[in-house]
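Worksheet for the structure shown next.
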């Protein structure tokens, strides 16, 4: 059995969506949601050195999703970020990539595509 | 027990995850996902007891056909609306609330099935079968003396 090696930080405001994503990610043997946060303020309490991939909605209610992606790459150069949101236009995609996201994905993707993107994101580091 | 998830396409990843979560915590529940625009057609074919959908539900509501309905607001500033049987409430929604709605809908489904008239095989067993093609519900009145 493969060891759970990739520790995820999952940051999106919606409780139901976030908890459901955590359940789905945790079904994968190589992924583990280690921390969840509903806002940038909550995510800042997480020890970012302990994560491999941050899955972040850039459009968080306190407005700092992009800033959080930047903070992840500064605090932990070995970690990567994936921007995931239902409302991603071309400008937001560019901003997320500019902030350091290795993958930018619309939530209209299938959950399997999201999981593949998390793995690609982890390998990119 | 069947649960239908119906949201707009931009929430597809979340719906896939929700379907997984429901199956993980309530493995006996059958879960299907449909694009929100096909809600009414899918209610007809899948015949769910619970629909979880984004508000507002379509003009021609499917509500009356269901034991339970969750209008799950993707906007966390807006409340989500729940109905199970005759009970209605609004709340911002942790996953646990969704599972408790599934459990209550299952309970109501079980009660409604217990109160249904006997099925055709059961009618035969009770000696109440009167003819080919007649529905079991025609046999709810027991003959005198039984």
Determine whether region B:3-22 contains at least one residue that is in a strand (DSSP E or B), more than 8 Å from chain A (Cβ to nearest Cβ) and surrounded by fewer than 19 Cβ atoms within 10 Å (Cβ to Cβ).
-> no
Flag for residue B:38 being farther than 16 Å from residue A:110 by Cα and in contact with a helix residue (DSSP H, G or I) (Cβ under 7 Å, 6 or more places away or on another chain) = no
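One line per residue, one yes/no per condition, for (1) more than 14 Å from chain A (Cβ to nearest Cβ); (2) closer than 25 Å to residue A:24 by Cβ; (3) at pLDDT 90 or above:
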site	(1), (2), (3)
B:34	yes, yes, yes
B:47	yes, no, yes
B:59	yes, no, no
B:76	no, yes, no
Those residues that are crowded, with 21+ Cβ neighbours inside 10 Å and assigned to a helix (DSSP H, G or I), I need them from region A:1-18; list them, please.
-> A:16, A:17, A:18
Conditions (1) buried (at least 21 other Cβ atoms within 10 Å of the Cβ); (2) farther than 24 Å from residue B:74 by Cα -> residue A:28 fails only (1)
(1) closer than 17 Å to residue A:122 by Cβ; (2) buried (at least 19 other Cβ atoms within 10 Å of the Cβ) all hold for residue A:88 apart from (1)
Could you run through region B:7-58 and say how many residues are touching a strand residue (DSSP E or B) at 6+ places or on another chain (Cβ under 7 Å) and closer than 20 Å to residue B:92 by Cβ?
-> 11
Filter result for residue B:40 (within 13 Å of chain A (Cβ to nearest Cβ), surrounded by fewer than 19 Cβ atoms within 10 Å (Cβ to Cβ) and in a helix (DSSP H, G or I)) | no
Check on residue B:51, touching a helix residue (DSSP H, G or I) at 6+ places or on another chain (Cβ under 6 Å) and outside any loop (DSSP other than H, G, I, E, B) | no
Would you call residue A:80 at negative phi and either crowded, with 24+ Cβ neighbours inside 10 Å or touching a residue at least 40 places away in the same chain (Cβ under 8 Å) (or both)?
-> yes
For region A:111-125, the count of residues that are buried (at least 17 other Cβ atoms within 10 Å of the Cβ), within 14 Å of chain B (Cβ to nearest Cβ) and within 13 Å of the chain's Cα centre (by Cα) equals 4
Residue in region B:90-102 that is farthest from the other protein chains (Cβ to nearest Cβ), counting only those that are without any contact (Cβ under 8 Å) to a residue 24 or more places away in the chain and surrounded by 12 or more Cβ atoms within 10 Å (Cβ to Cβ) = B:90
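The values are calculated or read from the model by the stated rules, or taken from the named source; none is laboratory data. Since the model is a prediction, treat every value here as computed from it, not as a measurement. Cβ atoms come from the backbone with ideal geometry, glycine included; neighbour counts cover every protein chain shown.
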